[in-house]
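Below is one structure, written out as structure tokens; the observations come after it.
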Amino acid sequence: MIIKNKRIAIISMGIMAIAFTLFYFSDGMGKYLLKEEAGFFRYSAIIKAIFEILILGYAVLTLRKAKFSILIVLFILLVSFLIGQFFLSLNFSEINFFENFNTLFKYFFPFIFFLLALDILQSKSYPFLLLKVYKFIMTLNGIFIITGLILGIEVFKTYPGPWRFGYDGLIFAQNEASFIFIFALTIVYYRRYYLNIKEFFFWFILFTSLVVATKAVFLYFIFLLFFHIFKKVSFKNILTFGVSSIVIGYFLFSTLINKIILNSYNTFMYMYYKEGLTFALFSGRNVYIQDKLYPLIFEYWSIPNYIFGGQDVVAHYIEMGFLDLLLFFGIAGSIIYLYVFYRIFRLLPFEKYFKLFFGIVFFLIVATAGHFFESGIAGIHFMMMLLLLSKYGDKLELNLENHEFERR
């Protein structure tokens, strides 16, 4: 049984490593083809679909109680989705079922990858393969970011057009780039200041995260900086080293810092003067609430939709994580989804105060931004963070029937 479990863990680790690599390169190819207007660019969706089928089939072959519970949850959410889509279609004839069905499986990604994570977490060996793959992909993408910054390469930009500064390499969507680098900052920070692992990779991720230049990354970086000062730095060191480091850092990188800050400030003020403070803070998502949310729930929804959901992602996507989740799965489905995700979130091996900090800031960002729950890329990066920072040797068991995770 021990040999069998080790073999299963190795296979799961291999699937995770291959998926992580192919997701990155297929998204990169899609971004390049989209920028070059070279025709069909959604190869990444096909690859993600293949891996979802593969992982689900593998979970059935290696079925045990924890995996069975996740599969039951996925089935319940599928039923909720189909009921919601049916009742929405009665009043909304323009429903795009194909795109909605595609989005459903994006919502499934965190749970599907957790089926692999369960096997890896139960092993007694640290997943060095995943660490190597993670560092390789993030380093390669960081090189693309720096190259784009120096040469002004369009395909590596975070935002389309010349007005907003930012480079995210071959990451397809800016919201996904935000979560990828939030998790990257968390990984390198926790390894350095809690696991005492000193590495140049820390500084590399720190620099490239700032060059990505999304509001979510800036917000997380600022909160992380304040948390670090509050928890890790004495007042004397703040005065002695903090101020001098800021002055020296600004002197060395003043041109880049000014470019990032001024561009972000000018963009914010342009949106503020054009549409107001709320529009600027939420990047126009308040308009989506008025134009998309109200018609959906007051004109097209019937009573079953409030229970089971019913969202058309083409016409009624709000780009606010928890709100979109509620619209997609309804009250019942959202409670189930968030309950299971919360139980997975609790497995993050953070020190209690850091976990509290990360949870509050992370869920605040999810609430005001889209593309976390419904993103295969964000989902696999979240699982990589869980796996790379976890302690190994403890036996993990997921027990949804008793509403708790057990560690033995």
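FYI, it's all coordinate maths here, none of it is from the lab. The model shown is predicted, which means the values in this text are computed figures rather than measured ones. Here the Cβ positions follow ideal geometry from the backbone for every residue, glycine too, while neighbour counts run over all protein chains shown.
Could you go through the range 344-360 in sequence order and give the Karplus-derived ³J(HN,Hα) for each residue, using 6.51 cos²θ - 1.76 cosθ + 1.60 with θ = phi - 60°, rounded to whole Hz, and x for Gly and Pro?
My calculation for the range 344-360 gives 5, 4, 5, 6, 4, x, 6, 4, 4, 6, 5, 5, 5, 4, 4, x, 5 Hz in order.
Could you please state, rounded to a whole Å, how far the C-alpha centre of the range 16-57 is from the C-alpha centre of the range 168-220?
About 22 Å separates the Cα centre of the range 16-57 from the one of the range 168-220.
Going through the range 1-73, which GluC sites (Glu not before Pro) have at most 12 other Cβ atoms within 10 Å and a DSSP loop state?
Glu36, Glu37
Sort out for me the Cα centre separation of the range 317-376 from the range 94-137, rounded to whole Å.
15 Å
Non-local amide H neighbours of Ile318 (under 5 Å, H modeled in plane, Pro and chain starts lacking H): which ones?
Here nothing satisfies the definition.
Taking Lys67 as the anchor, which lysines have their alpha carbon closer than 22 Å to its alpha carbon, excluding any fewer than eight residues away along the same chain?
Partners within reach: Lys4, Lys6, Lys48, Lys106, Lys124, Lys391, Lys395.
Kindly provide the GluC sites (Glu not before Pro) of the range 123-208 that DSSP labels as loop, not H, G, I, E or B, and whose Cβ sees at most 14 other Cβ atoms within 10 Å.
Passing both the DSSP loop test and the Cβ count: Glu199.
Could you derive backbone 3J(HN,Hα) for the range 177-182 from the dihedral phi with the Karplus parameters 6.51, -1.76 and 1.60 (θ = phi - 60°), listing whole Hz in sequence and x where the residue is Gly or Pro?
Taking θ as phi minus 60°, the curve returns 4, 4, 5, 4, 7, 5 Hz for the range 177-182.
If packing is taken as the mean number of other Cβ atoms within 10 Å per residue, what is the order of 108-116, 6-14, highest first?
Output ranking for 108-116, 6-14: 108-116, 6-14.
Modelling each spin label as a point 7 Å along the Cα-to-Cβ direction, I'd like the Ile10/Lys132 distance in nm, to one decimal.
Placing both labels 7 Å beyond Cα along the Cβ direction yields 1.4 nm.
Quick one: 3J(HN,Hα) in Hz for the range 190-204, Karplus 6.51/-1.76/1.60 with θ = phi - 60°, rounded, Gly and Pro as x.
So the Karplus estimates, Gly and Pro as x, are 5, 4, 6, 9, 10, 9, 6, 9, 8, 8, 5, 3, 4, 5, 5 Hz.
To the nearest 0.05, what FRET efficiency results for Leu63 and Phe322 with a Förster distance of 35 Å applied to their C-beta separation?
About 0.65, to the nearest 0.05.
So which trypsin sites (Lys or Arg not before Pro) in the range 105-212 are both in a DSSP loop and have at most 12 other Cβ atoms within 10 Å of their Cβ?
Lys124, Lys198
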